[in-house]
1. Out of 54, 80, 73, which single residue is surrounded by 12 or more Cβ atoms within 10 Å (Cβ to Cβ), without any contact (Cβ under 8 Å) to a residue 40 or more places away in the chain and either farther than 20 Å from residue 28 by Cβ or out of contact with any helix residue (DSSP H, G or I) (no Cβ under 6 Å at 6 or more places or on another chain) (or both)?
2. Report yes if residue 43 is out of contact with any helix residue (DSSP H, G or I) (no Cβ under 8 Å at 6 or more places or on another chain) and either buried (at least 17 other Cβ atoms within 10 Å of the Cβ) or farther than 20 Å from residue 90 by Cα (or both), otherwise no.
3. From the set of residues in the range 29-63 that are part of a loop (DSSP other than H, G, I, E, B) and over 25 Å from residue 2 (Cβ atoms), which is nearest to the chain's Cα centre (by Cα)?
4. Criterion first (touching a helix residue (DSSP H, G or I) at 6+ places or on another chain (Cβ under 9 Å) and crowded, with 18+ Cβ neighbours inside 10 Å) does residue 33 satisfy it?
């Protein structure tokens, strides 16, 4: 993700913010996490020619995790308990503290 951001600059930042916001919006609409993941991936795929977003599981997991930590933390409760722990641990690691 760092290489993508460095290569694409503001386009990358806008793409990541847009996709993260879309993921939060989809979660809030209902339909479950799986539906939100698939819908977001389909949307990102359709914009890939403009954003050059790397279409990988790692990319989407990163976008979704950061969105849950920063844009819509209340929606974290929609994840299965083990995934909630992983996302919280990621947030702690990014913040430089022990989970």
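Bear in mind these aren't lab numbers, they're just calculated from the coordinates by the rules spelled out. Being a predicted model, the structure only gives us computed values, none of them experimental. Methodologically, a virtual Cβ is constructed for each residue, glycine included, from the backbone with ideal geometry; neighbour enumeration extends over all protein chains shown.
1. Details: 54 fails: without any contact (Cβ under 8 Å) to a residue 40 or more places away in the chain; 80 fails: surrounded by 12 or more Cβ atoms within 10 Å (Cβ to Cβ).
Of 54, 80, 73, the one residue that is surrounded by 12 or more Cβ atoms within 10 Å (Cβ to Cβ), without any contact (Cβ under 8 Å) to a residue 40 or more places away in the chain and either farther than 20 Å from residue 28 by Cβ or out of contact with any helix residue (DSSP H, G or I) (no Cβ under 6 Å at 6 or more places or on another chain) (or both) is 73.
2. Values: out of contact with any helix residue (DSSP H, G or I) (no Cβ under 8 Å at 6 or more places or on another chain): no; either buried (at least 17 other Cβ atoms within 10 Å of the Cβ) or farther than 20 Å from residue 90 by Cα (or both): yes.
When the stated conditions are applied, residue 43 does not pass them.
3. Step one: list which residues in the range 29-63 are part of a loop (DSSP other than H, G, I, E, B), which gives 30-32, 52-56.
Next, from what is left, pick out any that are over 25 Å from residue 2 (Cβ atoms): 30-32.
On the way: 30: 17, 31: 17, 32: 15 Å.
Ranking the candidates gives 32 first.
4. Details: touching a helix residue (DSSP H, G or I) at 6+ places or on another chain (Cβ under 9 Å): yes; crowded, with 18+ Cβ neighbours inside 10 Å: no.
No; evaluated as a whole, the condition is false for this residue.
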